[in-house]
Amino acid sequence: MVYRACKHRVYPNQKQERLFNEYLGHSRFIHNNVIGEIEYNRRIANLFNACAPYVNNKYVESIFNYLRVWYPFINELDINTMQASYKPVLIAYENFFKRGFGHPKFKKKNSASQSVKINNINNRIRVENGKLYWRPFGWINLKGYRPEITGKIKYIILKKQNSQWFIIVQYDAPLPEPLPKTGKEVGIDLGVKTLATLSDFKAKATLKLNEINAKIKKTQKILKRKTKGSRQYQKILKTLHKHINKKKQHQKRILS
């Protein structure tokens, strides 16, 4: 068995979108407050020349339980999902202390890409006839649904990217059978002027993005002149995200 993941575009209704934003907000709140508490305790320890608490699962879990007491709204949503929100913090600190990676960062509310992981405990998440069901969300249509999702779903990732909603499903799948050899291997050369050229010179692809890049640049200039957080700012931001998404779709179309 192997793990596979597939990404689907979803179009939530107003109630579902409000719930999606609540899950993202709660996850971001837990993530940021756990980091803030760890950094506060480290500063206090350095001030008194003491040893800061070792960042492990027990320590991070104690911070999460403290947050649940002082901020009861955390308990309003699925507790297992909220518990999964501090796991990336623990991994980030392990990479920071042991492997020399960058310092764990806070999540931003206005970030273009936000996500939250939802574990499939007791098989509460299922996919049927192109729709995903989880009790808090209800039934959600999956655009581009692939019917091979027959194995056990391990978890889903709810993602908001450039004002668009996506659901990534990770599931168990059998090992794929090897494709038969045809002897028609083709090499691909990636370049600057020409995106891709095949070794048999039968096909090549170029990216013509001057028009869309000009629209993105113009929209960014307009966005800088707006007051951050205002209605006009949010309106222009959605337009910018629309142009960026069109550019990505064009790139995918060329590469496919």
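What you get for the range 1-76, charging only the Cβ of Lys and Arg (+1) and of Asp and Glu (-1), is a dipole of about 320 debye around the Cα centre. Note on the chain: with charges restricted to the Cβ of Lys and Arg (+1) and Asp and Glu (-1), its dipole about the Cα centre is near 1580 debye.
Which value, in nm² and rounded to one decimal, describes the direction-averaged projected area of the C-alpha convex hull of the chain? That works out to 20.1 nm². Principal-axis analysis of the Cα atoms of the chain puts helix 231-255 at an angle of about 50° to the longest axis. Rg over Rh for the range 32-96 works out to 1.00, both radii taken from alpha-carbon positions and Rh defined as the Kirkwood radius. For Lys184, a cut-off of 20 angstrom between C-alpha atoms picks up these lysines, skipping any fewer than 8 places away in its own chain: Lys202, Lys204. The peptide list 74-85, 215-226, put in order of mean Cβ contacts within 10 Å with the highest first, becomes 74-85, 215-226.
Cross-linked pairs Lys109/Lys208; Lys105/Lys160; Lys7/Lys238; Lys109/Lys215; Lys160/Lys221: Cα-Cα separations exceed 27 Å for Lys109/Lys208.
Helix 210-224 and the long axis of the chain differ in direction by around 30°, with both axes built from C-alpha atoms. Each peptide in 33-44, 167-178 receives the mean, over its residues, of other Cβ atoms within 10 Å, and ordering these scores from highest gives 33-44, 167-178.
Think of it as helices only: each DSSP H run of n ≥ 4 in the chain is worth -39500 (n - 2.57), and spread over all residues that comes to -14000 deg cm²/dmol at 222 nm.
For a straight C-alpha distance cut-off of 19 angstrom, the lysines reachable from Lys58 (same-chain residues fewer than eight places away being disregarded) are Lys87, Lys98.
Entry note, the range 1-177: relative contact order of 34 percent, from Cα contacts under 8 Å with a spacing of 6+ residues. Only one residue of Ser115, Val89, Phe48 has its Cα farthest out toward the positive end of the dipole of the chain, where Lys and Arg carry +1 and Asp and Glu -1 on Cβ, and that residue is Ser115.
Here, each number is a calculation from the coordinates, and none is a lab measurement. Since the model is a prediction, treat every value here as computed from it, not as a measurement. Neighbour counts are summed over all protein chains in view; Cβ atoms, including those assigned to glycine, are modelled from backbone coordinates with ideal geometry.
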